[in-house]
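Below is one structure; the comments refer to it alone.
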Amino acid sequence: MTDTTRTAAASRRSLPNGVWGIALFIATEATLFGSLIASYFYLRFKHAGWPLGGIEPPKPALPLAITGALVLAIVPMFLASAAARRGSVGATARFVITALVVQAGYLVVQIVLFADDLSKFKPTTNAYGSVYFTLLGVDHFHVLIGILLSLWLLSRLATGLTNYRVVATRVISWYWYFASTVAVAVTLTQLSSSL
Amino acid sequence: MATVASPEAARRVQRLERVWRERPGLLGWLTTCDHKRIGILYLFTSLAFFAAGGVEALLVRTQLIRPDNGLLGPEKFDQMMTTHGVTMIFLFVIPISIGAFGNYLVPLMIGSRDMAFPRMNALSYWLFLASGIFIYTGLFLGHGPNAGWFDYVPLGSKQYDPGPNVDFYALGLIFNGVSSTAAAINFIVTIFKLRAPGMSLNRMPLFCYAFLAVSFALIFALPPLNVALGFLELDRRLGFHFFDVAHGGDALMWQHLFWIFGHPEVYIIILPAFGIATSIIPTFTRRKMVAFPLVALAEILVAFIGFGVWVHHMFATGLSSITLVYFAAASLIIVVPSGIQLFAWITTLNTGRPEFKTPLLFICGFIIFFLLGGLSGVMFAAIPFDQQLTDTYFVVAHFHFVIFGAAVFPILGGLYYWFPKVTGRMYHERTGQLSFWLAFTGTALTFFPMHIVGLLGMPRRVYTYPGGMGWSDYNLLESIGAYVLASGLFLIVANLLVSAFRGVRVGPDPWGGATLEWATSSPPPDYNFPVIPKVTSAYAMWDREDREEDARKLTRGDLVLERGHETPASTVLDADWDEILEMPSDSPWPITLAAAAAGVFAFLLLGHWLVAGVFGGLCLAVLAAWHRQEPQLA
Amino acid sequence: MAGRPRLLVPIVCSTAFAGCGGGQSPLSPKSKPAHDISTLWWWMLAVASVVFLGAVFMITIAWLRRKREGLPYLGRRENVANGLVVVFGLLVPVAVLGVVFVIANLVVTKDTDAPAAGSTAMSIHVIGHQWFWEVRYQGTPAVTANEIHIPVRTRVDLAVNTADVIHSFWVPELNRKIDMIPGQTGRILLYADRPGQYRGQCAEFCGVQHAHMAMKVIAEPAATFRGWLANQSRPARAPTTPAQRLGRQTFLTTACSDCHTLRGTAARGVIGPDLTHLMSRSTLAALTIPNRPDELARWILDPQHVKPGNKMPGLKLDAAETRNLVDFLESLK
């Protein structure tokens, strides 16, 4: 990392443009999830019995556990961001990889659970199925995108740290703070009929 | 900044010109990331869609010119009526306001050299163009959207609208929404971070306040629409049951999701017009805006409160009284910030020395029509009145006065006002005034009788009506009015086109404007300003000492930033200097990404999910290539 | 307060509203809810006119005094201008809007609420279809379409549903509109001050023939209504002539009975309107054409020509079959 890069990162007083950009993007995505979750509860309160059609509510233990793990993965991402601002590319990459292992593990387990749910009922079964699978599907898709972003970041870090990549690390960390937090809201919504 | 005094200054300007020179020819336009070129692209594309929407309107009005007319059968009429609404809102008024006016002017007004994310800016344009082509492909294939611009379910469901019409609508609007979201993010970051050092938030032009408010509104309004459209497509194409009552879904949920977007959308439509009005009025009244802080606050409040009123589109659906009363109260409260602005504009006109040139005439027309539309809007906040007159021509009158009269008139005035800046020539004033009177008369004649015919019980969205209802004469008047209006619009285009080639040449500031776009040449150079301007008040152009200081700064090399493709970033509140930003110049990736995205939507429409997924992967690949180019710090 | 608008209505009507009597105007109220809404409108119009003309006046003054700065009498003082904005842009609107809110949304709106359960003498159930109205009289076998008879000056509880997409029931001279939304039942009061025919129309875009989905409410003296309802409750009249018998045969063996019901026969279709007492109605196709033999024949042979896109297929009948079928239908009084 060059001196000018470190100077720029250290002397900047406001958030870099990229971080503002991701913050606003997060605002749109948070509103998206807000609308999805609101739709879930709107449909739920239209009906006396929920889930509809005698579908069994999901078991809470595993989703809660893995979502907890995903939230914990915020810590290495935060540390990665700090390491990047310090100029330490090796530490940055190590923290990103640590988080990535947890995040990828989370996604794999979620996909297995999703497939298992699909064997019991479908989105075409009734409105509960539709909103359940859509809400979860959109959330898992966001985690997948996050994983692709982290992989891309690692490929760029492999050739060193520039000011651009420092900002990129911060941006992608912010993305993960959001994706992990919104996963909590989605999981709690998913489990709202079991809790 | 026309004259350069010293050889030092000349050398710096030469360097700027070399660094910022746009690539020539067609390739230059396809790869441009310059906000001014992108603004021009948006302008011509949205005007083309305006013409298309206008033709649709004339066809509708001609079909309705007399009872039981046979020009358009119901299927064609329904497509014309729906596509007219979709075109005018999503493909004309938003793109021209935000993409053309916003893009061209905001960086100039804040003393910057470009938007915060120039490549994403280009992407917004190409996505807009592609989404418009997508929707019109449906129309040209005879499968245009046909269930109304708000496409209520179950009418828009597969069962009752089995063809691809609604899929063109839903996918096309999701596609279009990505463009607007990207633009909104770009404007917010630009307005927050790229203001010239010294332009603290309270010294920012009111035009920029309007665009800040509109951008935040877009951020929060579009996602509910995307959720609604996503649910609709999942129901239609994959057999989901979001809106299907038989399987636990709810038809009213569509209306809630749609109007949670739809109401803020109308404030999104009008806020840029407020910004244009608050730019033109000070210039032509030769005084500062009365109650500037109140007006700025009002612009922001309108956007904010606009999120809390959506149920007033659903007063006839049988929701509980307490719900209706709450939303009616909120709908009345939102009148207040608009009232403040209206009164501030009128008071400014009265206390200044107004010159009633064409731009100001259009703003006067805007004030009158906004008031008219606003007053009928207030009436709709009276629940029982709404329950009689909603879904009649009375509401068609209301929204055309606020959309056409109040959002489009400032756009037309703005075209005249900034024409000299963009082209370096003046339009023909007499013709301009005639075009105003034609447009004003045409608007009044087309839309005012609609109040009456609505009060006589004529419902909306009818492809024909029987004689003997007392409606025929008014419909005839309205249709004639539409032709008068069209002639006025045609005259505006003709005036501007001819003047672009033969108008009298002008310098940087023919009007004595207050904002910074008037500080640079007409048209502006590719780098906007040779020196990032010094700003110490909200009316920067009227601070003569600051403008003279800029000339001296050029010689000194103070904030010229000619070493690279550079513009400064400053802090959000006080605009203290923060860092130098290196801007990308041109790039093939935005248009490529838009093309890949078009592939995604085309194959989703056709139902080839896997191929759509492949194009999605292609989008990711293009994004990776895009981000390989890292702006280098000087 | 009641007197003035009544005077205004004919004056304004005859000048600006030439032809108030189309029969579908919210400004020709024939019941209390519609009347209260109409009065509310005239008051709001008065206030709006004052505001509008005031603004036009100020712009005119701005143009007339364009060479001079400052306001008349008040001059150029900035705090005066700011004060005017606060008073006329904020305080006065808040006051006026507050009054509008209280009157419209706390008082008048009570008139348009659904009637309290059990507070009405009778209940009617209307179901919206693409593109006609199915009308059922609760507690009787009577089913008709598009023309709703009620006894005059009698409170009727109207419950509305839809069989397909969203429609909206709207008879402006009698009351506000109420949407017909799948999965829920809307309710309003139907009440007419005086005997007459009141036209209504579907008020929510419902597809290609939304424009031709009208209906009539016919308010008549109680005795007349009872006679009408008694007739409607009976099954279809038996044919009395050979032509009618042949016509009936055609009806029951062709596509007719797939979509239409004739109570008392094997025809039990529910896609189109109940035709048991077709001749008790004055129009066909939801008020699109008059109910006359020639129009009826034209409709049967080519419904797409009359109402393009509607769900009725044309029947291939020769002249004799057509005559017999029409004769039979003409007997369904």
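We did not get these values from a lab; they are worked out from the coordinates using the rules stated. Model, not experiment: these values are computed from the prediction. So basically every Cβ, Gly included, is an ideal-geometry build from the backbone, and we count neighbours across all protein chains shown.
Things to note:
- Of all beta bridges that DSSP places with both ends in the protein assembly as shown, some 75 percent have antiparallel geometry.
- Separation of alpha-carbon centers, region B:354-395 and region B:480-496, rounded to whole Å: 21 Å
- The base-10 log of I(q)/I(0) for region B:318-413, evaluated at q = 0.15, 0.16, 0.17, 0.20 Å⁻¹, reads -0.67, -0.74, -0.80, -0.99 [Debye formula, identical scatterers on Cα atoms, solvent excluded].
- Tail fraction, Cα-Cα pairs, region B:1-78, threshold 22 Å, whole percent: 59 percent
- Rounded, prolate or oblate (a/c below 1.5 giving rounded, otherwise prolate when a/b exceeds b/c) for region C:195-312 by Cα gyration tensor: oblate
- Remark: the Cα gyration tensor places region C:254-333 in the rounded category, a/c being less than 1.5.
- The smallest convex shape that holds all Cα atoms of region C:271-314, its convex hull, gives 71 Å³ per residue.
- Evaluating kT/(6 pi eta Rh) at 37 °C and 0.692 mPa s, with the Kirkwood radius of region A:75-117 over Cα pairs in the Stokes-Einstein relation, gives 292 µm² s⁻¹.
- Equivalent ellipsoid dimensions for region A:40-173 as semi-axes, Å, which come from the Cα gyration tensor, largest first: 38, 13, 12
- Averaged over residues, the count of other Cβ atoms within 10 Å places the peptides B:478-488, B:347-357, B:60-70, C:49-59 in the sequence B:347-357, B:478-488, B:60-70, C:49-59, highest first.
- Chain B: DSSP helices with Cα axial extent of at least 27 Å and average Kyte-Doolittle hydropathy no lower than 1.6: B:358-380
- Each Cα pair under 8 Å and six or more residues apart adds its sequence gap; the mean of these over the residue count of chain B is a relative contact order of 21 percent.
- By the beta-carbon count within 10 Å of each Cβ, the least crowded to most crowded order of C:W43, C:W299, fewest first, is C:W43, C:W299.
- Secondary-structure-derived ellipticity at 222 nm for the protein assembly as shown, considering helices only, amounts to -19500 deg cm²/dmol, per-run term -39500 (n - 2.57) for DSSP H runs with n ≥ 4.
- Once the Kirkwood radius over Cα pairs is known for region C:124-165, the Stokes-Einstein relation at 4 °C and 1.567 mPa s delivers a diffusion coefficient of 119 µm²/s.
- Cα lying deepest toward the dipole's positive end in the protein assembly as shown, options A:L15, B:L59, C:A48, charges on Cβ: C:A48
- Taking 1.567 mPa s as the viscosity and 4 °C as the temperature, the Stokes-Einstein diffusion coefficient of region B:123-242 based on its alpha-carbon Kirkwood radius rounds to 80 µm²/s.
- With R₀ set to 45 Å, the beta-carbon distance separating C:R292 from B:Y160 gives a calculated FRET efficiency near 0.90.
- Cα Rg over Rh - the protein assembly as shown, Kirkwood: 1.00
- Dividing the radius of gyration of the alpha carbons in chain B by their Kirkwood radius gives 0.97 for Rg/Rh.
- For region A:16-68, the percent of C-alpha pairs falling in each 5 Å distance bin, counted from 0 to the bin holding the largest distance, reads 4, 15, 11, 15, 19, 15, 9, 6, 4, 2, 0.
- Where Rh is the Kirkwood radius over Cα pairs, Rg/Rh for region B:461-569: 1.33
- Overall, the anisotropy analysis places region C:20-113 in the oblate class: the square-rooted eigenvalues a ≥ b ≥ c of its C-alpha gyration tensor yield a/c not less than 1.5, with a/b not exceeding b/c.
- With distances taken between every two different alpha-carbon atoms, region B:62-104 has a Kirkwood hydrodynamic radius of 12.2 Å.
- Cα convex hull of region B:118-179, projected area averaged across orientations, nm²: 4.0 nm²
- Backbone N atoms of region B:533-567 closer than 16 Å to the 7 Å Cα→Cβ label point of B:R18 belong to residues B:561-566.
- Cα convex hull of region B:364-416, projected area averaged across orientations, nm²: 3.3 nm²
- By the Kirkwood approach, averaging reciprocal distances over each pair of separate Cα atoms, region B:477-634 gets a hydrodynamic radius of 20.9 Å.
- The mean sequence separation of alpha-carbon pairs under 8 Å and at least six residues apart, normalised by the residue count of region B:519-634, gives a relative contact order of 17 percent.
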